């Protein structure tokens, strides 16, 4: 049985946001949460403990994003390539959404957070899908922070599926190829309705994208840190946002 812990929304946070301009907070932050297994290894612990502590980092980061005024937070929870991992680890990862939402869904509702999911439902266990769909359904009327889980998500598959859908419309005569625009493609992506990420964060020292939001990140700012995901906290998110605020986004033009 899962025991309810004290709400992480109402606890006293020791770390406060640094001085910052509220005029340039990224609207959408996306995070590649990496390093759970290496964190566990560095502490002499089994990998599943790293994943459990990674779930705590999700809590901390959601609180911090809400404080900062970030409107969309996308978390890369499980990729289409992660199925290659050992079965016992995959099974454990599939239980984490159910565990997380069983404990925290009431607070998410109370704090006006809207839960979304983007990814391929095919292949996911029923208990994982049911937990996510319940959270999406119960928070769909909320208009605060959007907490978007990329679960069983792979950007190449997303783009391929988009092309297939448009190809079928062309074949049936419902779409003229000359009418296809970048905006139309964006509307057929799994992230439709969510603005492209302003800032993408990756933890654990790796400097690659790993098949994550390849279409959407065309003009995203990148921020990499050596910190393993279970150690990621409010201060690191504030540092990433502060770095974002120091940069000038020109979108190929001049300032």
Legend entry - Of all residues making up segment 39-93, the number that are outside any helix (DSSP H, G or I), touching a residue at least 24 places away in the same chain (Cβ under 8 Å) and on the phi < 0 side of the Ramachandran plot: 12
Legend entry - Residue, nearest to the chain's Cα centre (by Cα), within segment 160-183, restricted to residues that are surrounded by fewer than 16 Cβ atoms within 10 Å (Cβ to Cβ) and in contact (Cβ under 8 Å) with a residue 12 or more places away in the chain: 165
Legend entry - Among (1) surrounded by 12 or more Cβ atoms within 10 Å (Cβ to Cβ); (2) in contact (Cβ under 8 Å) with a residue 12 or more places away in the chain, the one test that residue 140 misses: (1)
Inset, instruction - Confirm whether residue 149 is part of a helix (DSSP H, G or I) and closer than 22 Å to residue 76 by Cβ. - result: no
Inset, instruction - Scan segment 102-146 residue by residue and report those that are touching a strand residue (DSSP E or B) at 6+ places or on another chain (Cβ under 6 Å), outside any helix (DSSP H, G or I) and closer than 14 Å to residue 66 by Cβ. - result: 113, 114, 115, 142, 146
Inset, instruction - Would you check if residue 81 is surrounded by fewer than 17 Cβ atoms within 10 Å (Cβ to Cβ) and within 20 Å of residue 30 (Cβ to Cβ)? - result: yes
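Laboratory data are not the source of any read-out in this text; all were calculated from the coordinates shown. None of these values were measured; they are calculated from a predicted model. Here Cβ is always computed from backbone atoms with ideal geometry, including for glycine, and neighbour counts include all displayed protein chains.
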